[in-house]
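Report on one structure; see the data block that follows.
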Amino acid sequence: MARARGGHQHIPRPPHVEAGHPPPWSALDNGARAVDVERVRRAVKAAPPGRPLAPTAPGAQAAAVLVPVFEEDGLARLVLTRRSTDLPSHQGQVAFPGGKVHPGETSEAGALREAHEEVGIRPEEVDVVGPLEELATVAGGFVLAPFVGVLPGRPALVPNPGEVARVFDVAFADLLEAGVYHGERWELPGVGERPMHFFDIDGETVWGATARILHDLLVVVTSSLR
């Protein structure tokens, strides 16, 4: 039996919120939504460099995440986690495996290390096909670098119980279904208007920086189909 769409999340909406725009992929037919790994690989490799980040707060820290992608039954799927409620920040949120980049470490190496520590994905199994656009988080003061990595098949995931409450995967085709995504525009003090992204999938709601990365990845992957 399928889970209900969406999950419980504490989402601190400000007083002024407006509906966002429909996603760029909203007009795709069902056949075009059946994305495989080769399409993901080609799209990420062909994506133009990201825009330069706006100036960030003094002391912003470098962080990186891995977007692990694998293929099953001809469909590309990606791995997500739900963070432990015992962590000091972003408790219970859905996230890609990742964390702070250590001194002397590249962002890509940091993403691979964190994925191994959090869910047991071994770095040598990952074909890093490219980065996505960096983003600065609203809360936490991080500059976040996402990397898309292709796995040879469904991984044997071993979640670290101190950091991860649940690990699961979702097909790109499911993320592209009508009604899964919606956008909002938030008016934030000292920041101004900011687009926010939300994905209501089976049993979970993805929002915040993770939803922004998902949105950016889906825009890249579907750009040649629209």
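Numbers for the structure displayed
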item	result
Among residues of segment 11-31, those that are modelled with pLDDT of 90 or more and over 17 Å from Tyr181 (Cα atoms), counted	0
Per-region count, segment 183-224, residues assigned to a strand (DSSP E or B) and surrounded by 16 or more Cβ atoms within 10 Å (Cβ to Cβ)	13
Residues of segment 160-180 that turn out to be surrounded by fewer than 18 Cβ atoms within 10 Å (Cβ to Cβ) and farther than 29 Å from Pro22 by Cβ, as a count	5
Within segment 117-176, tally of residues that are of a type in the set (A, V, I, L, M), part of a strand (DSSP E or B), in contact with a helix residue (DSSP H, G or I) (Cβ under 8 Å, 6 or more places away or on another chain) and over 28 Å from Gly31 (Cβ atoms)	6
Pair list, Cβ < 7 Å and 6+ apart or interchain, from segment 210-224 residues that are under 15 Å from Ala64 (Cα atoms) and among the hydroxyl-bearing types (Ser, Thr, Tyr) to residues that are at pLDDT below 95 and crowded, with 19+ Cβ neighbours inside 10 Å	Thr210/Val94; Thr210/Ala95
Criterion (in contact (Cβ under 8 Å) with a residue 12 or more places away in the chain and touching a strand residue (DSSP E or B) at 6+ places or on another chain (Cβ under 7 Å)) met by exactly one of Val129, Val191, Val158	Val129
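The values are calculated or read from the model by the stated rules, or taken from the named source; none is laboratory data. Keep in mind that what you see is a predicted model, and the values were worked out from it rather than measured. Glycine gets a Cβ as well: all are built from the backbone with ideal geometry, and neighbour counts include every protein chain shown.
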